[in-house]
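The values are calculated or read from the model by the stated rules, or taken from the named source; none is laboratory data. The structure displayed is predicted, hence computed values, not measured ones. Quick reminder, even Gly has a Cβ in these numbers, built from the backbone with ideal geometry, and neighbours come from all protein chains shown. Keep in mind that these areas ignore ligands, DNA and RNA; they rest on the heavy atoms of the full protein, side chains included. Shrake-Rupley method; radii C 1.70, N 1.55, O 1.52, S 1.80 Å.
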Amino acid sequence: TCKYLHDFIKLHLKKVSCFLGPMGQELQDWLNESRRCILHSVGIIFFLLIYGALQERIMTQPYHGQVFNSSLFLVLCNRIMAVLCSLTAITWRGERLQSEAPYWQYAAVALSNVAATACQYEALKYVSFVVQMLGKSFKMLPVMIWSISISGAHFGAADWLVALLVTLGVSEFLLLGPTESRIDHGTKGWGYALILAFLVFDGFTSSLQEKLFKEHRTSRCNQMLYVNLFSTVISSLLLILSGQAGTAAAFLFDHHDFAIDTAVLSGAAVASQYFIYAQVQDFGAVTMAATMNLRQVCSIIGSYALYGHSITQLQMTGLGLVFFALIYKALANYKETPSSAEKAAICQAPEDALEKVKGGGA
């Protein structure tokens, strides 16, 4: 059914484009760009909904009376799954295994990514899942700041206004309702510090990924492979040095339901990572951050539905504010979006450009 609808829409878009001439071609380009952006956003939100639900389940709910507490082990499982999937994708697509960027840049992204993910898991020991999402609601502003310092990006007043409205809306959604913590392993101050560390590391990760795509034209699969290879090495070393490797492995073999949850969690993390890489490559880190803000709202709704929480009217008001800001951003960005040819020249992988040359394209 999806293939039929896709072919039907594509055929009629071509007819409209031929009928309207240049204006029709611009309309078709805009619709194609919008469709790809929506596809990336839906993929990110869907798989991160699964990821968030299982993250809360694993870190806050007991398995036969025991609560799992090794964040680094979950990071390692996620990265091993990502390495296997990216290797499969590279082989299937016939891409090169050779690194397309300096190893130290991949290692920098990997170190920042491992630190951000570990802080995210660890924070659930001290604060509730809702508070964790509240911290993530401020992600758009750090990403913009990192993009300015790393890539020399420039943002207009509308971008800053949208970031502020999204932040305020999500904050209202998360603050003006029940936010009780399920477990308490210590002071909440440590949890807030971990959330702050997550924001710093995650903002750096997104901006550096965008820089790799633009400067080295790395393919998303190649970047996924090398970043996750370095992440696997880093998380393995940290897991061994912390002395958690043995207890985490024993917990995995003793609780089969935990093993299943971890496998699904890792699969959802890999799938979401692919869509995140795609959106960063095609539309930039700020667009991805806007999607992640919307994902945070959806994750909270999913958490309430799964664990019996309630949603207040004021929280729904905050959600409406977020929708308004994101729709405005989408309409505003349309005027500034480069053409498909310009994006291809910036974002395409080297092997894709080579294929165009072989085929006689510009």
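With respect to the conditions (1) open to solvent by less than 10 Å² (accessible area, probe 1.4 Å); (2) out of contact with any Leu (no Cβ under 9 Å at 6 or more places or on another chain), THR88 lacks only one, and its number is (1). Looking at segment 109-153 only, could you name the residues that are over 13 Å from THR167 (Cβ atoms) and among the small types (Gly, Ala, Ser)? ALA110, SER112, ALA115, ALA116, ALA118, ALA123, SER128, SER147, SER149, SER151, GLY152, ALA153, listed by residue number.
Within the option set SER34, SER99, SER112, SER41, being surrounded by fewer than 17 Cβ atoms within 10 Å (Cβ to Cβ), under 27 Å from ILE300 (Cβ atoms) and hydroxyl-bearing (Ser, Thr, Tyr) holds for one residue only, SER34. Filtering segment 256-297 to residues that are surrounded by fewer than 18 Cβ atoms within 10 Å (Cβ to Cβ) and of a type outside the set (Gly, Ala, Ser) leaves HIS256, ASP257, ILE260, VAL264. The number of residues in segment 298-322 that are open to solvent by less than 10 Å² (accessible area, probe 1.4 Å), over 19 Å from GLN120 (Cα atoms) and among the β-branched types (Val, Ile, Thr) comes to 1. Return yes or no: is PHE213 part of a helix (DSSP H, G or I) and more than 16 Å from the chain's Cα centre (by Cα)? So PHE213 fails the test.
Scanning segment 317-340 for residues that are modelled with pLDDT of 75 or more, among the aliphatic types (A, V, I, L, M) and over 25 Å from PHE47 (Cβ atoms) turns up just one, LEU321.
The C-beta contact set for segment 287-315 (first residue more than 19 Å from SER147 (Cβ to Cβ) and modelled with pLDDT under 75, second residue open to solvent by less than 40 Å² (accessible area, probe 1.4 Å) and of a type in the set (Phe, Trp, Tyr), distance under 6 angstrom, 6+ apart or interchain) comprises ILE311/TYR304.
Just to verify a result, which residue in segment 44-85, among those that are open to solvent by less than 60 Å² (accessible area, probe 1.4 Å) and part of a loop (DSSP other than H, G, I, E, B), is nearest to THR117 (Cα to Cα)? Restricting to residues being open to solvent by less than 60 Å² (accessible area, probe 1.4 Å) and part of a loop (DSSP other than H, G, I, E, B), the top hit is SER70.
Exactly one residue out of PHE253, PHE230, PHE201 is within 14 Å of the chain's Cα centre (by Cα), open to solvent by 40 Å² or more (accessible area, probe 1.4 Å) and among the aromatic types (Phe, Trp, Tyr): that is PHE201.
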